[in-house]
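Participant: To start, I am sharing the structure in question, which I have written as structure tokens.
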Amino acid sequence: MNEERNEFINEEMQEEINEGTQEAIQDEMPEENAEAAAEETGTRTARRGFNILNRLMNEEVRRLIDPALRLFIICFATALCLAVVNLITKDTIALRVEQAAEEQRLQVMSAADSFEKLEGWEDQDGTGLVKEVYVAYSGDKLVGYVFSAVSSGYGGDIPVTVGVGKDGTITGVRVGDNEETPGLGSKVAGEKFISQYEGKAISGELRIVSGPASAEDEIQAISGATRSTKAVNSAVQASADLGAKLLQQNGGGNK
């Protein structure tokens, strides 16, 4: 900036010298020529002032814009890199998610060797908790249904996978990734809790109790995590109710 100001000062000094020369010439000119020369000098002085002001303004604008422009370029480059990474990895991520879901289906329905996604069941679920339904087969023989449900817990949504066998019992329950309180609500994913559902009949209501379960329809709650317990139980109950309806309609059908 100092160099530019020095340049302006040098230019002003040169202009002063030129003006002095012009004034000396004007003294020797006829009157009409002197008037023209004076007018030209005034125009040149105004133009010089405008140029100096314009340069100063450009310098100030550039000083303000440069940091913002650099920040914009950095943000744009970062966003572009993230978009490229997402484009490259999205198929791999989707495949891994589907593989994990398939593994959970096998865990809750060990008698099956294949699953087919079922369509057109939505009107039969009055809770809105069930998101997907799969028909489970062993060879060509139907062995049950697997349900993917989501219920709202203390820390957010809790994904629950439930298997319902052809014999009208729950074959397994798995709880997916969740944000429940570590050491409390997170225990709903533990084997001690979810194993209580295995073998339970789907024909009735599953009740949460605070103490040890003493009846066939009772599930013992996790101490200090009542809301998380009820959320999982709601997902299992919705799956069981829908499973009872589908089994009644389709029975022991084959592929």
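The values are calculated or read from the model by the stated rules, or taken from the named source; none is laboratory data. Remember, it's a predicted structure, so these values are computed and weren't measured experimentally. We place every Cβ from the backbone using ideal geometry, glycine too, and count neighbours over all the protein chains shown.
Participant: In region 128-182, how many residues are among the aliphatic types (A, V, I, L, M), out of contact with any Asp or Glu (no Cβ under 8 Å at 6 or more places or on another chain) and closer than 15 Å to Leu246 by Cα?
Facilitator: 8
Participant: Something else: I'd like to know if region 162-185 contains one or more residues that are assigned to a helix (DSSP H, G or I), more than 24 Å from Glu98 (Cβ to Cβ) and touching a strand residue (DSSP E or B) at 6+ places or on another chain (Cβ under 9 Å).
Facilitator: Yes, region 162-185 contains at least one residue that is assigned to a helix (DSSP H, G or I), more than 24 Å from Glu98 (Cβ to Cβ) and touching a strand residue (DSSP E or B) at 6+ places or on another chain (Cβ under 9 Å).
Participant: Taking the options Thr171, Thr161, name whichever one is buried (at least 22 other Cβ atoms within 10 Å of the Cβ), under 27 Å from the mean Cα position of the chain (by Cα) and closer than 30 Å to Glu116 by Cβ.
Facilitator: Thr161
Participant: Can you say whether Ser214 is assigned by TED's automatic domain parsing to the domain that holds Glu180, modelled with pLDDT under 95, loosely packed, with under 13 Cβ neighbours inside 10 Å and over 27 Å from Asn178 (Cβ atoms), as far as the supplied structure shows?
Facilitator: Spelling it out, Ser214 is indeed assigned by TED's automatic domain parsing to the domain that holds Glu180, modelled with pLDDT under 95, loosely packed, with under 13 Cβ neighbours inside 10 Å and over 27 Å from Asn178 (Cβ atoms).
Participant: Also: Can you find a residue in region 87-94 that is modelled with pLDDT of 95 or more and either more than 17 Å from Gly176 (Cα to Cα) or part of a loop (DSSP other than H, G, I, E, B) (or both)?
Facilitator: Checked region 87-94: no residue is modelled with pLDDT of 95 or more and either more than 17 Å from Gly176 (Cα to Cα) or part of a loop (DSSP other than H, G, I, E, B) (or both).
Participant: Which residue out of Val133, Val150 is surrounded by fewer than 21 Cβ atoms within 10 Å (Cβ to Cβ) and not in a loop (DSSP other than H, G, I, E, B)?
Facilitator: Going through Val133, Val150 in turn, just one is surrounded by fewer than 21 Cβ atoms within 10 Å (Cβ to Cβ) and not in a loop (DSSP other than H, G, I, E, B): Val150.
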